[in-house]
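Asker: Below: one structure in structure tokens.
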């Protein structure tokens, strides 16, 4: 598990460092850290073009050019004129580069370079680009050369992961002073490439501050529980109750129920407006009526409720939502239940996990999906604060914010699972982890990691889109138990049913 920081935290830390060190010393240490990484990433016979802006990110690039040149690299510099004066440190760095004999060239040099180092904009950037910088970014992206960005791809907001206009599409991003939280979500997946940490080595450096975000990947998945005692029974593996299934949306309930079962839950129960039709379709599950929910919860331990897959907006939906919110039991609330939740103006929920996509999050916050994606961290925090629940915001770089705890960002993406029903599968996985004994916080993180991990494994065999939610379900047991996924076998199994 890695750590990431808000820009405010990084700027506060830099101010602390500068209480003991001169700005020139910090700048030199940063360029030295970048230099060490670049020597590992760039072959000595490759031509290197450093494209620098007027700020301190540009100063890092200018001093890095000098260090690479001293090592024998063929280096050149593009200093992008924006109409703004160079910052004093950047002006000094440019003088050092000129005295070192490094040529200053135009963007046409992109046609004759092997590696681009992007030092245009730093972590303080947000808002709109000036014309010269935008043109430079577009030229970088049109080049066939490999691109390394210093700290953040220029044009990407390092705090939110949002691109307003255009950003450098880097092959690798070299982070100084820790990872910035915007590098792990939303548009960052199309901009950062591989993230490499360039650690500064200075005497008397204060320790880094507490992180603002946990960065998790599929490497953080908990291991499978392995062999079981022979004397176990289904009650030892928890229960999941799935509630939803309006007419025409019956498949959503089955997807959530099947996902929970495939994740290892011992008993899955459904509750819909028309239970009999479900039991005929899937004899693996039992059913109850919504007026039985209270007594059912009181008489069963290790239970998690899923409310929302295929849920309508009718009186039955409102009644069942009220019934579920009144019981003392962990609950995953998604899809239709989120709409009803907002309509009835519920807040400060007990023992709940909300799993909206940006459109549903917008409804919960009375805003727009675009506004949610402008700052996914702020939106997730706002949902958590308003509803008192664990908030999971779906999308590339899913964000999870438990009450009173540090948020998590999942630094994984699988656009191939952006299909109907995949959210229902996610609910089933989260609920399964709760029923199997994990805390709601751990269950939410693990369910989301398993969801994307299985999707990636199937994608790697399919080599493209075409995945269905049911593919994820069939592949869950093999993935959890480290068995290679055989997509052809999954399809054959479905065709035999």
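The values are calculated or read from the model by the stated rules, or taken from the named source; none is laboratory data. All values reported here derive from a predicted model rather than from experimental measurement. Using ideal geometry, Cβ is built from the backbone for each residue, glycine included, and neighbour counts are taken over all protein chains shown.
Asker: Condition (residue is under 30 Å from residue 188 (Cα atoms), assigned by TED's automatic domain parsing to the domain that holds residue 292, over 20 Å from the mean Cα position of the chain (by Cα) and surrounded by fewer than 24 Cβ atoms within 10 Å (Cβ to Cβ)) applied to the range 317-332: is it met by at least one residue?
Answerer: Initial filter on the range 317-332 (under 30 Å from residue 188 (Cα atoms)): 332.
Narrowing further to those that are assigned by TED's automatic domain parsing to the domain that holds residue 292: 332.
Keeping just the survivors that are over 20 Å from the mean Cα position of the chain (by Cα) gives none.
Looking for residues that are under 30 Å from residue 188 (Cα atoms), assigned by TED's automatic domain parsing to the domain that holds residue 292, over 20 Å from the mean Cα position of the chain (by Cα) and surrounded by fewer than 24 Cβ atoms within 10 Å (Cβ to Cβ), one finds none in the range 317-332, hence no.
Asker: What about residue 163, is it surrounded by fewer than 24 Cβ atoms within 10 Å (Cβ to Cβ) and either touching a helix residue (DSSP H, G or I) at 6+ places or on another chain (Cβ under 7 Å) or closer than 27 Å to residue 209 by Cα (or both)? If you could, list the steps in order and put the result at the bottom.
Answerer: Working: surrounded by fewer than 24 Cβ atoms within 10 Å (Cβ to Cβ): yes; either touching a helix residue (DSSP H, G or I) at 6+ places or on another chain (Cβ under 7 Å) or closer than 27 Å to residue 209 by Cα (or both): yes.
So residue 163 fits the description; yes.
Asker: Please specify each residue of the range 423-441 satisfying the condition of being surrounded by fewer than 24 Cβ atoms within 10 Å (Cβ to Cβ) and either in contact with a helix residue (DSSP H, G or I) (Cβ under 7 Å, 6 or more places away or on another chain) or touching a residue at least 60 places away in the same chain (Cβ under 8 Å) (or both). I'd like the intermediate steps shown before the answer.
Answerer: Just the residues of the range 423-441 that are surrounded by fewer than 24 Cβ atoms within 10 Å (Cβ to Cβ), to begin with: 436-441.
Matches in the range 423-441: 436, 437, 438, 440.
Asker: Of all residues in the range 68-92, which are touching a strand residue (DSSP E or B) at 6+ places or on another chain (Cβ under 9 Å) and more than 21 Å from residue 132 (Cα to Cα)? Working first, answer last.
Answerer: Let us first name the residues in the range 68-92 that are touching a strand residue (DSSP E or B) at 6+ places or on another chain (Cβ under 9 Å), namely 68-69, 73-80, 86, 90.
Listed by number, the residues that qualify are 68, 69, 73, 74, 75.
Asker: Looking at the range 137-148, is at least one residue over 25 Å from the mean Cα position of the chain (by Cα), touching a residue at least 12 places away in the same chain (Cβ under 8 Å), buried (at least 21 other Cβ atoms within 10 Å of the Cβ) and more than 28 Å from residue 402 (Cα to Cα)?
Answerer: yes
Asker: Is one or more of the residues making up the range 298-308 farther than 22 Å from residue 234 by Cα and modelled with pLDDT of 95 or more? Steps first, answer last, please.
Answerer: Going residue by residue through the range 298-308, those that are farther than 22 Å from residue 234 by Cα are 307-308.
Those left that are additionally modelled with pLDDT of 95 or more: 307-308.
Looking for residues that are farther than 22 Å from residue 234 by Cα and modelled with pLDDT of 95 or more, one finds at least one in the range 298-308, hence yes.
Asker: I've got another one for you. State yes or no: is residue 65 crowded, with 19+ Cβ neighbours inside 10 Å, touching a strand residue (DSSP E or B) at 6+ places or on another chain (Cβ under 8 Å) and not in a loop (DSSP other than H, G, I, E, B)? If you could, list the steps in order and put the result at the bottom.
Answerer: Details: crowded, with 19+ Cβ neighbours inside 10 Å: yes; touching a strand residue (DSSP E or B) at 6+ places or on another chain (Cβ under 8 Å): yes; not in a loop (DSSP other than H, G, I, E, B): yes.
So residue 65 fits the description; yes.
Asker: With respect to the numbered conditions (1) under 15 Å from residue 331 (Cα atoms); (2) surrounded by fewer than 22 Cβ atoms within 10 Å (Cβ to Cβ); (3) under 16 Å from the mean Cα position of the chain (by Cα), which one is the sole condition not fulfilled by residue 415?
Answerer: If we test residue 415 against (1) under 15 Å from residue 331 (Cα atoms); (2) surrounded by fewer than 22 Cβ atoms within 10 Å (Cβ to Cβ); (3) under 16 Å from the mean Cα position of the chain (by Cα), just (1) comes out false.
Asker: State whether the residues of the range 364-387 include one that is assigned by TED's automatic domain parsing to the domain that holds residue 251, in contact with a helix residue (DSSP H, G or I) (Cβ under 9 Å, 6 or more places away or on another chain), in contact (Cβ under 8 Å) with a residue 40 or more places away in the chain and within 26 Å of residue 258 (Cβ to Cβ).
Answerer: No, every residue in the range 364-387 fails to be assigned by TED's automatic domain parsing to the domain that holds residue 251, in contact with a helix residue (DSSP H, G or I) (Cβ under 9 Å, 6 or more places away or on another chain), in contact (Cβ under 8 Å) with a residue 40 or more places away in the chain and within 26 Å of residue 258 (Cβ to Cβ).
Asker: To continue, here is another question. For the range 449-473, enumerate the residues that are part of a loop (DSSP other than H, G, I, E, B) and either out of contact with any helix residue (DSSP H, G or I) (no Cβ under 7 Å at 6 or more places or on another chain) or at pLDDT below 95 (or both). If you could, list the steps in order and put the result at the bottom.
Answerer: First, the residues of the range 449-473 that are part of a loop (DSSP other than H, G, I, E, B): 463-468.
Of everything in the range 449-473, those that are part of a loop (DSSP other than H, G, I, E, B) and either out of contact with any helix residue (DSSP H, G or I) (no Cβ under 7 Å at 6 or more places or on another chain) or at pLDDT below 95 (or both) turn out to be 463, 464, 465, 466, 468.
Every residue, every condition in (1) touching a strand residue (DSSP E or B) at 6+ places or on another chain (Cβ under 9 Å); (2) free of Cβ contacts under 8 Å to residues at least 60 places away in the same chain, yes or no:
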residue	(1), (2)
3	yes, no
14	no, no
18	no, yes
21	no, no
33	yes, no
38	yes, no
45	yes, yes
48	yes, no
52	yes, no
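Asker: What strands (runs of 3 or more DSSP E) completely inside the range 176-286 contain at least 2 residues that are within 21 Å of residue 474 (Cβ to Cβ) and in contact with a helix residue (DSSP H, G or I) (Cβ under 6 Å, 6 or more places away or on another chain)? Give the derivation first.
Answerer: Working: elements: 194-198, 213-216, 239-243, 267-271.
The qualifying strands (runs of 3 or more DSSP E) are 239-243, 267-271.
Asker: Looking only at the range 69-127, count every residue that is touching a residue at least 60 places away in the same chain (Cβ under 8 Å), in a loop (DSSP other than H, G, I, E, B) and crowded, with 19+ Cβ neighbours inside 10 Å and tell me the total. Write out each step before concluding.
Answerer: The initial filter retains those residues of the range 69-127 that are touching a residue at least 60 places away in the same chain (Cβ under 8 Å), namely 89, 92-93, 109-110, 112-124.
Filter once more, so that each one left must be in a loop (DSSP other than H, G, I, E, B): 113-114, 120-124.
Adding the requirement that they be crowded, with 19+ Cβ neighbours inside 10 Å leaves 113, 120-123.
The qualifying residues number 5.
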